[in-house]
Amino acid sequence: MESPANRGGGPRLPYARPWVSEQDIAAVAAVLRGEWLTTGPVVEQFEREFARSADAAQAVVVSSGTAALHAAMHALEIGPGDEVIVPTWTFAATANCVRYVGARPVFADVDAATLLIDPSSVDALVSPRTKAVIAVDFAGQPCDYERLRAVTNRHGLALVADACHSLGAHDRGRNVGVLADLNVFSLHAIKPITTGEGGAVTTADAGLADRMRRFRNHGIGSTPRQREATGDWRYDMAELGYNYRLSDFQCALGLSQLAHLPEWTARRQEIAARYDEAFRWWPGVRPLAKRWRSSHAYHLYVVRCAGSPRDEMLDALRSRGIEANVHYRPVHLHSYYRRELGTAPGDCPVAEAAYNRVLSLPIFAAMADADVERVIASVQDHAYGQPAALAAA
Ligand SMILES: *Cc1c(COP(=O)(O)O)cnc(C)c1O
């Protein structure tokens with residue numbers, strides 16, 4: 001069972017792994033045998049169920065989380081000359097969507113304990129050009145939307161949640177589907193639930209939802225299925241859109257996956273609780289802080305290496321087949337943004353310092369208890385062997 005690629009560690013353990021059940025496969029097969037492969041009845045059904053499960057009035061599904069962010073920027077009519085504040089601690093797509101509409105992302109630093117966008121740093125970055133803030137629920141933990149809302153209300157800005165990690169979580173009892181004006185989800189293979197590739201936006205605003213539905217369909221107001229139903233073959237392209245549609249069979253997978261969400265979220269929380277317990281008195285690694293009164297979806301389980309250097313810990317785990325990872329390299333440090341917007345090291349010192357310390361340990365709903373224990377033992381073994389870790393105690 002031991003892989004020859006690693007030195008005595010056991011089988012490969014990725015940091016994330018999708019879970020597709022036999023029930024999911026049967027649901028997809030049923031749609032493949034039917035009449036509509038792309039925009040058919042299951043798209044609407046998935047949108048209704050996704051909205052219901054997120055406590056939201058509306059859900060719009062699109063072909064990826066990145067397309068969902070792009071649709072959100074379009075719906076809010078953000079364009080050239082505008083600025084949108086985004087945390088630097090995120091996946092590049094959060095900032096890239098602002099570039100897609102010709103606007104400028106302005107990078108905010110994060111809170112050192114949680115690595116979530118810092119509302120006071122947001123306040124300091126608002127300019128007359130600012131139109132919106134995109135908050136990112138890093139690792140699956142909702143941001144402090146009450147404080148963010150106070151800032152965006154004071155300046156008349158839209159609030160967007162990049163909730164690609166946090167489907168299934170709550171803040172003060174409120175679902176992540178309702179915390180911002182537009183709440184964006186990814187349905188990529190390793191996100192909380194998947195359609196292979198896919199994304200969704202929830203909102204209470206039917207006008208914004210209509211705009212996003214048009215945007216995903218070239219800017220055309222009606223779909224072939226709607227035209228078939230009314231018998232009217234004419235259509236109008238009222239604005240420039242894209243083909244960001246999600247197919248019917250992908251939505252069948254999404255619907256079936258959605259039914260697993262409560263159970264899978266609970267399993268991720270159980271694994272995280274075991275890690276928390278194991279590392280509570282352990283000086284070598286420090287889990288990120290949890291916010292009071294919010295629940296955590298644990299898309300990622302992130303620790304800060306407090307003893308030995310992060311890269312040594314990462315290499316030691318990988319040599320045992322445990323594919324720990326790093327999330328994220330601060331976006332403002334990527335060469336594209338340095339070249340295009342002149343961002344530079346020093347812009348966001350908290351994020352830059354964290355980048356050298358953090359590590360994401362494996363966590364996914366299908367992870368076995370024995371694998372969780374193997375990760376814990378490997379982390380602790382490594383730290384034992386490191387004089388720096390003992391000195392830090
Ligand atoms: C995954 C992810 C995205 C993009 O989603 P895709 O479905 O991969 O396009 C955006 N933001 C964050 C924080 C993500 O983790």
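Quick note: the coordinates plus some simple rules give every number you see, no bench work behind them. As the structure is a prediction and not an experimental result, all values here were calculated from the model. All Cβ positions, even for glycine, are placed from backbone atoms using ideal geometry, and neighbour counts span all protein chains on display.
Below, the figures for the structure above:
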read-out: Tail weight of P(r) past 15 Å, computed on alpha-carbon pairs of region 176-250, percent; value: 64
read-out: Ratio Rg/Rh, restricted to region 144-189 and using Cα atoms, in which Rh is the Kirkwood radius; value: 1.00
read-out: Cα pair distances in region 271-379, grouped into 5 Å bins until the bin that holds the longest one, percent each; value: 2, 11, 19, 22, 18, 12, 9, 5, 2, 0
read-out: Ranked list, fewest to most other Cβ atoms within 10 Å of each Cβ, for Trp233, Trp36, Trp89; value: Trp233, Trp36, Trp89
read-out: FRET efficiency for Asp236 and Tyr100, using Cβ-Cβ distance with R0 set to 25 Å, rounded to 0.05; value: 0.55
read-out: Difference of contour (0.36 nm per residue) and Cα-Cα distance, Arg129 to Arg318; value: 63.5 nm
read-out: FRET efficiency for Arg33 and Ala189, using Cβ-Cβ distance with R0 set to 22 Å, rounded to 0.05; value: 0.40
read-out: Residues Asn243 and Arg329, FRET efficiency given R0 of 35 Å [Cβ-Cβ distance, rounded to 0.05]; value: 0.70
read-out: Highest average packing first - 209-217, 158-166, 338-346, Cβ atoms within 10 Å; value: 158-166, 209-217, 338-346
read-out: Calculated log₁₀ intensity ratio I(q)/I(0) where the Debye formula runs over C-alpha points of region 44-108, q = 0.16, 0.24, 0.29 Å⁻¹; value: -0.60, -0.96, -1.14
read-out: Dimensions in Å of the chain - Rg and Dmax from alpha carbons; value: 21.7, 77
read-out: Label-to-label distance, nm, for residues given as Asn356 and Glu263 (7 Å Cα→Cβ offset); value: 4.6
read-out: Fully extended contour minus Cα-Cα distance, from Gln45 to Ser120, at 0.36 nm per residue; value: 23.0 nm
read-out: Fewest-first sequence of Phe50, Phe91 by Cβ atoms within 10 Å of each Cβ; value: Phe91, Phe50
read-out: Hz values of 3J(HN,Hα) by residue in region 134-141 - Karplus curve (6.51, -1.76, 1.60), Gly and Pro given as x; value: 10, 9, 10, 7, 4, 6, x, 9
read-out: Square roots of 5 times each gyration tensor eigenvalue, C-alpha, region 1-137, largest first, Å; value: 34, 27, 14
read-out: Convex hull volume per residue for region 133-289, taking Cα atoms only, in Å³; value: 152
read-out: Inter-part distance where region 335-355 and region 8-33 are each reduced to a Cα centre, Å; value: 37
read-out: Separation of alpha-carbon centers, region 236-304 and region 120-169, rounded to whole Å; value: 19
read-out: For region 225-240, 3J(HN,Hα) per residue [Karplus equation, 6.51 cos²θ - 1.76 cosθ + 1.60, θ = phi - 60°, Hz, x = Gly/Pro]; value: 5, 5, 5, 4, 5, 8, x, 9, 7, 6, 8, 10, 9, 8, 7, 7
read-out: Sum of -39500 (n - 2.57) over DSSP H runs of 4+, divided by residues of the chain (222 nm, nearest 500); value: -12000 deg cm²/dmol
